Amino acid sequence: MFGLGRPSRRTITPRPVAVSVNGRDLPLLIRENVRATRMTLRIEPGGQALKLTVPKGLPGHEIDEFLTRHHGWLMTRLARVDQTGPLADAATITIRGVEHRIKMTGKLRGLAEQTEIDGVPTLLLSCLPEHIGRRVSDHLKRVAKTEMERLVRVHAASLGKPFGSISYKDTKSRWGSCTSEGNLSFSWRIAMAPDFVIDYLAAHEVAHLKEMNHGPDFWATCKALCPRTKEAKRWLKQNGSRLFAVSF
């Protein structure tokens, strides 16, 4: 038998495999947990999927009844999540907290360029229309890399702590991570957030170089590195789903 993760938790065959809400079929992952005493339904970041944790051995009909009872709750919560279609010419994208209008240059090659046209922040793209999403995401990755590596160096120097590699992913469950070896990882989607939120994320993961937990000493370190920690945490809680919902 092959398995991954903790022995007390295992993925079971989803039943059902999707839930239809507001005209959308959302993938549903059902997980058994031997310690769970009740069912817990979670909307994944960006409203792209659902995860249901259930007690071990729970009959399938009880799962169906639970989903039926909570259908109205799902409709209400998912309606609050911005659903964006594919990016296109004249659409907008937020970069470091500033909304930019996307404008095609008519050229087929060249890096994206941030500028202002008639006082309007603009992201100039040189590519075919079907490649807009990829070019925008590539630009956000460059922004994230530039800002994060600068901030990590500053905060790590403040703590006198060395760090390992820095990587960037399109994660759906968390904004960043820090390993016991000091390797840091960030979601490049943070490049869409305001600067003080980007700074907080860098400070948060660097603080783990000193405190590999979320105890009082960790938060004290985090706040010392980023005084706007509380404000940034609140911003991510209120707006993080919008960043995950952007379709590239």
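The values are calculated or read from the model by the stated rules, or taken from the named source; none is laboratory data. Small disclaimer: the values here were computed from a predicted structure and weren't measured. Positions of Cβ are generated from backbone atoms using ideal geometry, with glycine treated the same way; all protein chains shown enter the neighbour counts.
Among the numbered criteria (1) surrounded by 22 or more Cβ atoms within 10 Å (Cβ to Cβ); (2) within 16 Å of the chain's Cα centre (by Cα); (3) not basic (Lys, Arg), which single criterion is violated by VAL206?
(2)
Within the group HIS155, HIS204, which residue is in contact with a Cys (Cβ under 7 Å, 6 or more places away or on another chain) and outside the structural domain of ARG42 (by TED's automatic domain parsing)?
HIS204
Any chance the range 172-183 includes a residue that's buried (at least 17 other Cβ atoms within 10 Å of the Cβ), touching a Cys at 6+ places or on another chain (Cβ under 6 Å) and not in a loop (DSSP other than H, G, I, E, B)?
no
Here's a check for you: in the range 101-136, which residue that is closer than 14 Å to ALA91 by Cα and of a type in the set (D, E, K, R) is surrounded by the fewest Cβ atoms within 10 Å (Cβ to Cβ)?
The selected residue is GLU130.
Would a scan of the range 147-158 turn up a residue that is outside any helix (DSSP H, G or I), of a type outside the set (Val, Ile, Thr) and either more than 19 Å from the chain's Cα centre (by Cα) or over 30 Å from LEU108 (Cα atoms) (or both)?
no
For the range 201-248, give me each residue that is under 19 Å from GLU181 (Cα atoms) and of a type in the set (Phe, Trp, Tyr).
Listed by number, the list holds a single entry, PHE218.
I'd like the full set of residues that are crowded, with 24+ Cβ neighbours inside 10 Å, touching a Leu at 6+ places or on another chain (Cβ under 6 Å) and without any contact (Cβ under 8 Å) to a residue 60 or more places away in the chain, limited to the range 184-203.
Answer for the range 184-203, where residues must be crowded, with 24+ Cβ neighbours inside 10 Å, touching a Leu at 6+ places or on another chain (Cβ under 6 Å) and without any contact (Cβ under 8 Å) to a residue 60 or more places away in the chain: ARG189, ILE190, ALA202, ALA203.
Are any residues in the range 159-171 surrounded by fewer than 15 Cβ atoms within 10 Å (Cβ to Cβ), assigned to a strand (DSSP E or B) and either touching a residue at least 24 places away in the same chain (Cβ under 8 Å) or of a type outside the set (Lys, Arg) (or both), and if so, which ones?
SER167
Name the residue, out of ALA232, ALA156, ALA207, that is touching a residue at least 24 places away in the same chain (Cβ under 8 Å) and under 22 Å from THR94 (Cα atoms). Can you show your working first?
Details: ALA156 fails: under 22 Å from THR94 (Cα atoms); ALA207 fails: under 22 Å from THR94 (Cα atoms).
Residue meeting the stated conditions: ALA232.
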